[in-house]
Amino acid sequence: MASLVNALIVGGGPAGVAAAIILQRQGMAVTLVDQRQPGEFQVGEGLIPAGRRILTELGAPADWLEAKHLPSMGNASAWGSAELATMDFIRSVDGHGWHLDRAAFDADLRALAAQAGVQVLIGTRMHAFERDGAQWRVNLEQGDRRWQVQADWLLDATGRPHVVARRLGQKRMHLDAQLGFYQLFAPQVAGDADALSLIEAVPEGWWYSARLPSGQRIVVFFTDPGTPAATQAQDRMGYLQLLMET
């Protein structure tokens, strides 16, 4: 027999967790499923200062980010010039931002949802679903276990994969087709305490870099698909050659 919930949310990132906590507070029975394994690396470490407000509304303690993440003090950028322009967060009413360990951040968010009463299922995949009258029947898979959940609402919080929407035949609307190619680099400078995000424009697109809580540095190259730079960046040595030209 299928278990019954008011809302089943597919995708355990920040959007899915926020939706789960808000719906749970409204008295709904909510299940959140995420197919990623704990600790899996995720791109997207930048949290702007105003992000604190949302975390507070979701029930996170004031010092929730202190132990595992690095303060971000602003952005340094070069757009069409060799000169860096710095925009710091010193005037922000919310204080500084953060460079996140995204795997730890997402895991702690899911733990916050569980504390709020949400059923959180990690390493769980939705492999089929169908509409049955006023409800959804969703087949879930976790290792060797398979079962069915019946839900009034089915929410797609999978982001770019848009798993539910895609299977429903919804057409994707592209506002920008830009691609991002990233590499992680081990620290090369002893005592590196850089707390800024660095951005540099180049003719083919733009570069972004930030220091991560692990001590590594992430470097991302953004460009348009189908360009010679995009083709070159798909190969590691080609990517490094482009990086050396910045």
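When Lys and Arg each count +1 and Asp and Glu each count -1, what net charge do the other residues less than 12 Å away from GLY180, Cβ to Cβ, add up to?
So the surrounding residues net to -1.
Quick one: dipole size for the chain, taken about the Cα centre, charges +1 on Lys/Arg Cβ and -1 on Asp/Glu Cβ, in debye to the nearest 20. Write out the running numbers ahead of the final one.
On the way: 21 positive and 26 negative charges, 178 e Å.
So the magnitude is around 860 debye.
Count the net charge of all other residues whose Cβ sits under 11 Å from the Cβ of GLN35, scoring Lys and Arg as +1 and Asp and Glu as -1.
-1
Please express the shape of the stretch 88-241 as an equivalent ellipsoid: the semi-axes are the square roots of 5 times the eigenvalues of the C-alpha gyration tensor, given largest first in whole angstrom. Show your work: numbers first, answer last.
Values: eigenvalues 271, 111, 53 Å².
The three semi-axes for the stretch 88-241 are 37, 24, 16 Å.
Just in the stretch 136-179: which trypsin sites (Lys or Arg not before Pro) are loop by DSSP and have at most 12 other Cβ atoms within 10 Å?
Within the stretch 136-179, the qualifying trypsin sites (Lys or Arg not before Pro) (loop, at most 12 other Cβ atoms within 10 Å) are LYS171, ARG172.
Roughly speaking, to the nearest percent, how much of the chain's 1.4 Å accessible area is carbon and sulfur?
Carbon and sulfur atoms account for 55 percent of the accessible area of the chain.
Ranked by accessible surface with a 1.4 Å probe, highest first, in what order do ARG36, ARG110 come?
Descending accessible area places them as ARG36, ARG110.
Taking K and R as +1 and D and E as -1, what net charge do the other residues with C-beta under 10 Å from the C-beta of GLN150 add up to?
So the surrounding residues net to -1.
Once a ≥ b ≥ c are taken as the square roots of the eigenvalues of the Cα gyration tensor of the stretch 129-182, is the result rounded (a/c under 1.5), prolate (a/b larger than b/c) or oblate (a/b not larger than b/c)?
In terms of gyration-tensor shape, oblate.
Please give the length that would be gained between ALA193 and ARG166 if that part of the chain were fully extended, namely 0.36 nm times their separation in residues minus their C-alpha to C-alpha distance (nm, one decimal).
Taking ALA193 through ARG166 to full extension adds about 5.4 nm, to one decimal.
Given the rule -39500 (n - 2.57) for each run of at least 4 DSSP H residues, summed and divided by the residues of the chain, what is its mean residue ellipticity at 222 nm, to the nearest 500 deg cm²/dmol?
Taken over the chain, the calculation gives -6000 deg cm²/dmol.
Let me know the charge dipole size of the stretch 55-185 about its Cα centre in debye, to the nearest 20, where only the beta-carbon of Lys, Arg (+1) and Asp, Glu (-1) is charged.
Dipole magnitude for the stretch 55-185 comes out near 700 debye.
With a cap of 11 neighbouring Cβ atoms within 10 Å, and only residues DSSP puts in a loop, list the GluC sites (Glu not before Pro) found in the stretch 1-68.
GLU66
The values are calculated or read from the model by the stated rules, or taken from the named source; none is laboratory data. Every value quoted in this text rests on a predicted model; they were computed, and no experiment measured them. FYI the Cβ positions are ideal-geometry reconstructions off the backbone, even for glycines, and counts take in every protein chain you see. With ligands, DNA and RNA removed, areas are computed over all heavy atoms of the protein, side chains included. Shrake-Rupley method; radii C 1.70, N 1.55, O 1.52, S 1.80 Å.
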